[in-house]
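Accompanying notes for the structure given below.
The values are calculated or read from the model by the stated rules, or taken from the named source; none is laboratory data. What you see is a predicted model; the values in this text were computed from it and never measured. When we count neighbours, we look across all protein chains shown, and the Cβ atoms used for this are built from the backbone with ideal geometry, even at glycine.
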Amino acid sequence: MITFANGRAIGYDDVGSGVPVLFLHGFPHNRALWAPQLGALAVPARTICMDLRGFGESEPGDHDGVDGYADDAAVLLDVLGIDRVVLAGLSMGGYASFAFWRRHRDRVRALVLCDTRATADNDTSRAARVEMQAMAIERGSSAVANQMIAGMIGKTTREKNPELADELHRMMSLAPVIGVVGALNALMTRPDSTPTLATIDVPTLIVVGDEDVLTPPKDARAMHLAISGSRLEVIAGAGHVSNLERPATFNHVLSEFLVSLTAQ
Ligand code: MLT
């Protein structure tokens, strides 16, 4: 579906009814990343996923940055008439979730931080982002997908389910270059969210694949230690896109977490 908010298209899907869960994808994905979760949780849930600006069916914004992604998510919630959500973000979607928490925390019922980290880029990673922007402009998103795909998918999935790597590669290759360039700006300018962790006082689930090499389990453990009362789940045999690589385990873990919320 597409809605127009502040004159810009936002692509989204909205499936089921129950506790609202809004999913934010990583870089350079689109909302199809969450296909295994939509309408597939073991508890009554309203599962919503959106294309971040510049990806999928969402138009680019007038400025780049994780705050823009967060504000678009808040606007979509307004359009859908949802006050508070469980916000689930993977990797870049996690960086956007931290921004959402800083800017709209009264709308967060709980957080699910998937294969992400709190720290900002360092000088080396910023330089690599700039190089990737040039590559995207010169050679297109498929060149970005070629460079990133090995790190995206865990070793087990690469060996046992290479079709999934192909599927993800296709998704990444389809990313509009304007979205890729904008996201790289957002990634390299995102603030360090480490100080934010201590402010999080809603139930928080942290999920990471044990084969994630982009945001490895040590980053997840650091967030777990810093977010009071958080729960950490390490998914065996999954890499950076744990929701896609091990959907049954991921959905089980997320469903259990949602049950724990309704019991509160
Ligand atoms: C992502 O999956 O969103 C990216 O790998 C995040 C990053 O490069 O920092």
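This table checks each residue for (1) of a type in the set (D, E, K, R); (2) closer than 23 Å to residue 57 by Cβ.
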| position | (1), (2) |
| --- | --- |
| 145 | no, yes |
| 150 | no, no |
| 153 | no, no |
| 156 | no, no |
| 163 | yes, no |
| 169 | no, yes |
| 174 | no, yes |
| 183 | no, yes |
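Does any residue of the stretch 40-48 turn out to be within 16 Å of the ligand (Cβ to nearest atom) and within 13 Å of the chain's Cα centre (by Cα)?
Just the residues of the stretch 40-48 that are within 16 Å of the ligand (Cβ to nearest atom), to begin with: none.
Checking the stretch 40-48: not a single residue is within 16 Å of the ligand (Cβ to nearest atom) and within 13 Å of the chain's Cα centre (by Cα).
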Enumeration of residues in the stretch 1-35 that are at pLDDT below 95 and not in a strand (DSSP E or B) = 1, 6, 7
In the stretch 114-144, residues that are small (Gly, Ala, Ser) and within 12 Å of the ligand (Cβ to nearest atom) total 4
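Here is a check on your reading of the model: is residue 78 charged (D, E, K, R), within 16 Å of the ligand (Cβ to nearest atom) and farther than 23 Å from residue 230 by Cα? Steps first, answer last, please.
Numbers: charged (D, E, K, R): yes; within 16 Å of the ligand (Cβ to nearest atom): no; farther than 23 Å from residue 230 by Cα: yes.
Against the criterion (charged (D, E, K, R), within 16 Å of the ligand (Cβ to nearest atom) and farther than 23 Å from residue 230 by Cα), residue 78 does not qualify.
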Subset tally (residues that are closer than 16 Å to residue 91 by Cα, outside any helix (DSSP H, G or I) and out of contact with any strand residue (DSSP E or B) (no Cβ under 6 Å at 6 or more places or on another chain)) for the stretch 231-257 | 2
Of all residues in the stretch 187-211, how many are in a helix (DSSP H, G or I) and either farther than 19 Å from residue 129 by Cα or of a type in the set (D, E, K, R) (or both)?
-> 4
Assess whether residue 111 counts as being away from the ligand (no atom under 13 Å from the Cβ), of a type in the set (A, V, I, L, M, F, W, C) and in contact with a strand residue (DSSP E or B) (Cβ under 7 Å, 6 or more places away or on another chain).
-> yes
Cβ pairs under 7 Å, 6+ apart or interchain, first in the stretch 208-219 and under 14 Å from residue 232 (Cα atoms), second assigned to a loop (DSSP other than H, G, I, E, B) and more than 10 Å from the ligand (Cβ to nearest atom), ordered by first then second residue, are 209/154; 209/238; 209/239; 210/236; 210/238; 217/210
In this structure, does residue 196 turn out to be away from the ligand (no atom under 16 Å from the Cβ), crowded, with 20+ Cβ neighbours inside 10 Å and at pLDDT 95 or above?
-> no
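For residues that are within 16 Å of the ligand (Cβ to nearest atom) and in contact with a strand residue (DSSP E or B) (Cβ under 7 Å, 6 or more places away or on another chain), tally how many sit in the stretch 1-32. Can you show your working first?
Going through the stretch 1-32, the residues within 16 Å of the ligand (Cβ to nearest atom) turn out to be 23-32.
Adding the requirement that they be in contact with a strand residue (DSSP E or B) (Cβ under 7 Å, 6 or more places away or on another chain) leaves 23-26, 31.
Residues flagged as within 16 Å of the ligand (Cβ to nearest atom) and in contact with a strand residue (DSSP E or B) (Cβ under 7 Å, 6 or more places away or on another chain) within the stretch 1-32 amount to 5.
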Residue tally, condition away from the ligand (no atom under 13 Å from the Cβ), within 23 Å of residue 217 (Cα to Cα) and either surrounded by 18 or more Cβ atoms within 10 Å (Cβ to Cβ) or in contact (Cβ under 8 Å) with a residue 60 or more places away in the chain (or both), over the stretch 159-191 = 4
Flag if residue 113 is farther than 24 Å from residue 1 by Cα, in contact with a Gly (Cβ under 7 Å, 6 or more places away or on another chain), in contact (Cβ under 8 Å) with a residue 12 or more places away in the chain and crowded, with 21+ Cβ neighbours inside 10 Å = yes
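Considering only residues that are part of a loop (DSSP other than H, G, I, E, B) and free of Cβ contacts under 8 Å to residues at least 60 places away in the same chain, which ones fall in the stretch 36-55?
38, 39, 44, 51
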